[in-house]
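First up is the structure itself, then whatever we jot down about it.
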Amino acid sequence: MALVVDITKALSDFTLRVSFTVESSHEVVALLGASGCGKSMTLKCIAGIERPDCGRIVLGDRVLFDSERRVDLPPQRRRVGYLFQSYALFPTMTVLENVACGAVGASKGERLARARRELAAMRLTGLEGRRPSSLSGGQQQRCAMARILASDPELLLLDEPFSALDEYLRWQLELELADTLKGFAGGAVYVSHNRDEVFRLCDTVCTITRGRSEPKATVKEFFSRPRSLSAALISGCKNVSRARQVGPDAFACEEWGITLRTSLPCDGPVTHVGLRAHYLDVAPAGERVQVPTGERTQAPAGEANCVSCAVDRVIESTFSTIVMLRTPAGGLLRHELDKDRWRSLGRPANVLVLVRPEHVMPLSEVVPDA
Amino acid sequence: MDWYPLLNSLRIAALSTAVVYAVGIGLANVVARAPRLVKGALDVVLTLPLVLPPTVVGYLLLIVLGPRRPVGAWFMDAFGVRLTMTWYSAILATVVVSFPLMYRTARGAFEAFDETLSQAGRTLGKSETWIFWRVKMPCCRQGIVAGAVLAFARALGEYGATSMIAGYTPGITATVSTTVYQLWRTGDDALALRWVLVNLAISSVVLLALNYLNARVRPAQRGAV
């Protein structure tokens, strides 16, 4: 196991209780959660910048922190690379000096050679003599990355690496970061509140809500089948309703006034049901509809959920149309679909909403610690 | 014109600035990172000489360092060194009076310092000493240099405490400021005016230097992002 984290730390308005592991040396784990949920604090604890109240942090075969055995390695000896949100380049040093000061090597010459190699790998050759403030945001990030890699860390910690960048710069940098992560021999922990970044860059996801971490899931699992209400919301699920189980696979949804069947296994107490805005289908009301069934559905054909709703309002978004649908009980459903698809429906006032059983996500509410 | 007062003033100010520079930076660094309560208490004590009348500082110094007072007597016995009424006595006065200027400007600079830079240094395996001298001090240079210049200027112009602890002995403890007073008192207005002009010139140069440093250092201080 590459990294084991199991820590508790009392913060001013909640207690951080985070527990997760990085299994293999190439795994990229995302810590995903709203801002202020304790993600960055977790990274700081792993790096040794902050001290947990109790718990354990083990990297490979080295114990970095263990409150019971009174182990608390200083950050200098943890060999953990930390990419700060602001990159934390030393402003009074040149690019080369910045990278060289992190570089491993017996002599100054070796360290400089190492620094130059890392700068070349980050395509910063020619900028060695510049000050960080004269670099573009993307160059600064690559310079910070070069400095970290030159120090031969066993683990990478990435704290919202794209938050300081303009939208249009992000994509190129994301591609580069993906390459860097692929080429890096150790594991990585990636803190973000952007689920799309996480989906593209990470292998597994651990969500944190007000300091509480949930069991880790693979990225695919996390987006297709979140288990808890908070995970569903963090993963971008737009429609949730309080729900009551009324059959082995049926849930009465309070806010929507409908009963939905699911083909997904429901383990644990189900308190809510979630529907993704993209995974609904609509047909004009009054038409006879061929109810589509998914490949994985366990429910027999014809038992797909069918709800009639009134169109409450239509919002034109950049590349899609968002239709707010009023359910029988009055609660709204958000449906997001292709602009052309919506146009082809002819702007109906009432629609039939079709929900495949495999898209009905039973969720349980995780009650955060008081 | 006897230039001794100018030379004496300059060496007093230079030596006192050296002391204040080292102690001021050290204490500013400690206070900037101290817990709030300790910080508040230390801050009052360390800033007090800034608001006290120099004569009060001089009085307090004489109480402690006078030849018949405990510390002063001990210095006399142990080293045969007299702490009052010598040219270097004035250094004691200027150190106390100019210290808050160095301390407060340096503390301000340290508090404005982005601590993530220190954290980055630590995760890169760098020692606290390295981080202080290679990252923190260069980043805070502007404030520190400004503090040193202000402390130097204040030491150069110190009169109240100096006149009490060093007095005015021509050719021995005379400084520019005590000389101006002495000349005016004895009615030598013409010579007094000359010293006033010398003083004005030095003060202008110091302020110009301060502005020049501020203008020059600032562009390099802009951090990443």
Taking N as the residue count of the stretch A:122-207, its alpha carbon Rg divided by 2.2 N^0.38 Å gives 1.10
Among beta bridges assigned by DSSP with both residues in the protein assembly as shown, the antiparallel ones amount in percent, to the nearest 5, to 75
One checks the Cα atoms of the stretch A:24-120 and finds Rg and Dmax, in Å, of 16.2, 45
In Å, the Kirkwood estimate of hydrodynamic radius for the stretch A:239-363 over Cα pairs equals 14.7
Simple SL model, points at 7 angstrom along Cα→Cβ for A:Ser134 and B:Leu200; separation in nm is 4.3
Cα-Cα pairs in chain B separated by more than 28 Å, as a whole percent of all pairs, come to 39
In the protein assembly as shown, taking the dipole from +1 charges on Lys and Arg beta carbons and -1 charges on Asp and Glu beta carbons about the Cα centre, the listed residue (B:Val20, A:Ala243, B:Ala90) farthest towards the positive end is B:Ala90
To the nearest 20 debye, chain B has a Cα-centred charge dipole, built from +1 on Lys and Arg Cβ and -1 on Asp and Glu Cβ, of 660
Note to self: C-alpha centroids of the stretch A:85-125 and the stretch A:221-262 sit apart, in Å, by 50
With -39,500 (n - 2.57) per DSSP H segment of 4 or more residues and division by the full residue count of chain B, the 222 nm estimate, nearest 500 deg cm²/dmol, is -25000 deg cm²/dmol
So for R0 = 60 Å, FRET eff. of A:Asp312-B:Phe132 from the Cβ-Cβ r, to 0.05, ends up at 0.45
Per-residue ellipticity at 222 nm attributable to helices in chain A (runs of n ≥ 4 DSSP H, -39500 (n - 2.57) apiece, nearest 500 deg cm²/dmol) works out to -7000 deg cm²/dmol
Chain A, Kirkwood Rh and Cα Rg, ratio Rg/Rh at 1.06
The Cα extents of the stretch B:40-102 along the principal axes, largest first and rounded to whole Å, are 38, 23, 19
When the charge dipole of chain A is computed with +1 on Lys and Arg Cβ and -1 on Asp and Glu Cβ about the Cα centre, the Cα farthest towards its positive end, among A:Thr321, A:Thr271, A:Met41, belongs to A:Met41
With 0.36 nm assigned to each residue of separation and the Cα-Cα distance removed, B:Arg36 to B:Phe79 gains 11.4 nm
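Bear in mind that the values in this text are calculations on the coordinates, not laboratory data. As the structure is a prediction and not an experimental result, all values here were calculated from the model. Virtual Cβ from ideal backbone geometry, glycine too; neighbours counted across all protein chains shown.
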